[in-house]
Amino acid sequence: MAFDAGMLACVVDEIRKTALGARIEKVFMPERDEIVLQMRSFEGGKRLLINAGSNTPRIGFTSAQKENPATPPMLCMLLRKHLQGAKLSDVRQAGFERVAVLEFETRDEMGFACTRRLYAEIMGKYSNLIFASGEDKVVSALRTVDFSTSSLRQVLPGMTYELPPKQDKEDPITVTREGFSALLETGNADRSMDKWITATFLGISAAVAREIAYRAAGRTDALLGNVDRTRAADAFFEITDMIRNASFSPCMILKDGKPVEYAFCELHQYGSGFEMRPYESAGALLDDFFHTRDREQHIKQRAADVLRILTNADTRIRKKLDLQRAELEDCKKGEEYKKYADLITANLYRLQRGMTRVELTDYEDYREDGSFGTAVITLDSRLSPAANAQVYYKKYNKSKTAKVELARQIELGETELRYIDTVFDALTHAETAADLTEIRDELYRSGYASRMKNYALSKKSATPTVAHFRTSGGFRVLCGKNNLQNEYITHKLAGKNDYWFHVKNLPGSHTVMLCEGEEPSVKDFTEAAEIAAYFSKGADGQNVEVDYTLVRNVKKPAGAKPGFVIYHTNWSCIVTPNEEKVKAMREGK
């Protein structure tokens, strides 16, 4: 899954073919370790994303739109100063390292023509973004590296840029067949071929190394000693020749519709349970692969406080419910307490103060042989028999009251738990900072403000921004991504004769199809139901049941949590949500 040097070569080739000579119009920095260069070329507008984070480092064209911070970081301001209006004059890969060099023609503060370079080091947790002059003097860097951090290479303003220290490995692009054969002969025969490749050659990821082993021996874990030397060389140079000749075939491997792996070449090593999806461009491949991962990382970073509140609330409620259910189970002894009290009262003439235990005939326990069972009752020796009976009557009455109250408390706890689940689901669909703000406002209104430090509800809440879709029949579909948006759609935007959709018995979004006096087709109903299923907890499932009804049948009970509604008249349908189909119907993204 690593962005290896072969993938970088694929991306650099794509940039050279489509964006060389493009002008930089704008520079954005939506995340603290990610920049986006918006450029204009003869082929139209392009957005080049460079992510130097430790989790998802990469470079490539993107079509994704991200919300930018109100105050741009210092590095973003510096890049805007030097690069806006500049022309991308060259892009290259430094040897077979995971370093992309973007060279720009621009003008300095005095108006003289000059060169600026942007070094994108895509190296896992050591990734970095370094801005330098035409003489390779470091102007600024995303992460500065001083002597206390590394004794091998420092990255500080004013210093000359140097490539990362070389590894003691061979360059797979420059190695010859004779050299490869010689290295193969010296390899440990008991070592797997893929491990040997990654340990011997630069810039080859584990997935590509396994692919070479699979093409050479028909299996990914083949030992070096069991691989035919000629077939090993053929498989190795089949892959490396793609890089030399820039004949890339980017592809993604999916399982059950979820991305598993990607590479600059076709990966045949996976079995029948996997799907290999080819792509025409590396940018589209990376966009699709990292879409979900970027969103989840974005949520973890910006909604850590909300996740903590929800997780703690969920744990607290579940623990409380377990205790209440155990107490409710104990309340079943109430009838037994009443029986003991009745037996004591019926046998007062036989009992005396000071008795600790008595065995009385239980006339409710009738045996087949005509006899009756007995009940052994514990007594308090300090009390009279009548007082002991009153003790058991009090326990019985207490259990009756407790049963009613516990049932009520359990129902409230389960309702709150379902509400917490809806907020968890809303977090998975949050796309912008505004979505997260709405979720925080909702939690504030729901009584969680004491657990949100330094947070205050805005005096005037902004109008919720809902997701807009268009069915193949031309009907508009609105979908909420959190409970505030759900309420806004259902109770403010929708008309009484519009159709309302929601996944059955699962947390999910309110979805409304605006009919405007027309009757949608069966296909339109199906597409709206697929949108509702996709924006729910059943998004990854198959044959998801979705309820739909007219908006006039949907009511919100007085005092209910945000997003909670009831309905009694509805139809149901079964759909399987398809992410690509839903994305294709979406407007404004």
Across the Cα atoms of the stretch 177-299, what radius of gyration and what greatest pairwise Cα-Cα distance (Dmax) are found, in Å?
-> 15.8, 51
Separation of the ARG408 and ARG476 label points, Cα + 7 Å toward Cβ, nm = 4.5
Here the gain from full extension of THR415 to THR174, 0.36 nm per residue of separation minus their alpha-carbon distance, amounts to 80.2 nm
The chain: radius of gyration and largest Cα-Cα distance (Dmax), Å | 34.1, 117
Cβ-Cβ FRET estimate between LEU493 and GLU335, R0 fixed at 41 Å, reported to 0.05 = 0.15
What is the sum of charges around SER381, taking Lys and Arg as +1, Asp and Glu as -1, for the other residues whose C-beta is under 15 Å from the C-beta of SER381?
-> +2
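Just flag the trypsin sites (Lys or Arg not before Pro) in the stretch 72-148 sitting in loop per DSSP whose Cβ has no more than 15 other Cβ atoms within 10 Å.
Numbers: sites: ARG80, LYS81, LYS87, ARG92, ARG98, ARG107, ARG116, ARG117, LYS125, LYS137, ARG143; in loops: ARG98, ARG143.
Here the trypsin sites (Lys or Arg not before Pro) that fit, given the DSSP loop and packing criteria, are ARG143.
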Between THR144 and GLU43, the FRET efficiency computed from the C-beta separation at R0 = 45 Å comes out, to the nearest 0.05, as 0.80
If every Lys and Arg gets +1 and every Asp and Glu gets -1 at its Cβ, then about the Cα centre the chain yields a dipole, in debye to the nearest 20, of 2240
Cα-centre dipole for the stretch 372-425 with unit charges at Cβ (Lys and Arg positive, Asp and Glu negative), debye to 20 = 560
Using a simple spin-label model with points 7 Å from Cα along the Cα→Cβ vector, what separation in nm is obtained for LEU78 and ALA584?
-> 4.5
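Multiply the residue gap between ASP362 and ALA284 by 0.36 nm, knock off their C-alpha separation, and tell me the result in nm, one decimal place. Walk me through the numbers before you get to the answer.
Values: separation 78, 0.36 × 78 = 28.08 nm, distance 7.93 nm.
That works out to 20.1 nm of additional length.
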From the C-alpha gyration tensor of the stretch 306-462, pull out the three semi-axes of the equivalent ellipsoid (sqrt of 5λ each), sorted largest to smallest, in whole Å.
-> 55, 16, 11
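How much net charge surrounds THR200 when only other residues with a Cβ under 13 Å from its Cβ are counted (Lys, Arg +1; Asp, Glu -1)?
Numbers: positive: LYS169, ARG191, LYS195; negative: ASP168, GLU170, ASP171, GLU185, ASP194.
Residues near THR200 contribute -2 overall.
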Scattering profile of the stretch 1-133 from the Debye formula, Cα beads only, expressed as log10 I(q)/I(0) at q = 0.13, 0.22 Å⁻¹, is -0.50, -1.50
What is the set of long-range amide H partners of ALA494 at a cut-off below 5 Å, with H atoms built 1.01 Å from backbone N?
-> none
Dipole of the stretch 5-141 (Lys/Arg Cβ +1, Asp/Glu Cβ -1, origin at the Cα centre): which of ALA113, ASN128, VAL27 lies farthest to the positive side?
-> VAL27
Using θ = phi - 60° and the Karplus curve 6.51 cos²θ - 1.76 cosθ + 1.60, what whole-Hz ³J(HN,Hα) does each residue of the stretch 166-176 get, with Gly and Pro shown as x?
-> 6, 8, 7, 9, 8, 7, x, 7, 9, 5, 8
Search the structure for amide H atoms under 5 Å from the amide H of ALA86, placed 1.01 Å from N in the peptide plane, and list their residues when 5 or more places away or on another chain.
-> ILE24
How compact and how long is the stretch 19-70, expressed as Rg and Dmax of its alpha-carbon atoms in Å?
-> 11.2, 34
Quick one: dipole size for the stretch 5-141, taken about the Cα centre, charges +1 on Lys/Arg Cβ and -1 on Asp/Glu Cβ, in debye to the nearest 20.
-> 240
Amide N of the stretch 390-430 lying under 17 Å from the label point, which is placed 7 angstrom from the Cα of ASN347 along Cα→Cβ = 390-393
Taking a crude spin-label model, label points 7 Å out from Cα along the C-beta direction, the SER521 to SER272 distance in nm is 3.7
The stretch 429-569: spread of alpha-carbon positions along the three principal axes, whole Å, largest first, is 50, 31, 27
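Calculate, in nm to one decimal, what ARG231 and SER384 gain on full extension: separation in residues at 0.36 nm each, minus their alpha carbon distance.
Working: separation 153, 0.36 × 153 = 55.08 nm, distance 9.77 nm.
Between ARG231 and SER384, full extension yields an extra 45.3 nm.
Values quoted throughout were computed directly from the atomic coordinates according to the rules given, and no laboratory measurement underlies them. This is a predicted model, so every value here is computed, not measured. Methodologically, a virtual Cβ is constructed for each residue, glycine included, from the backbone with ideal geometry; neighbour enumeration extends over all protein chains shown.
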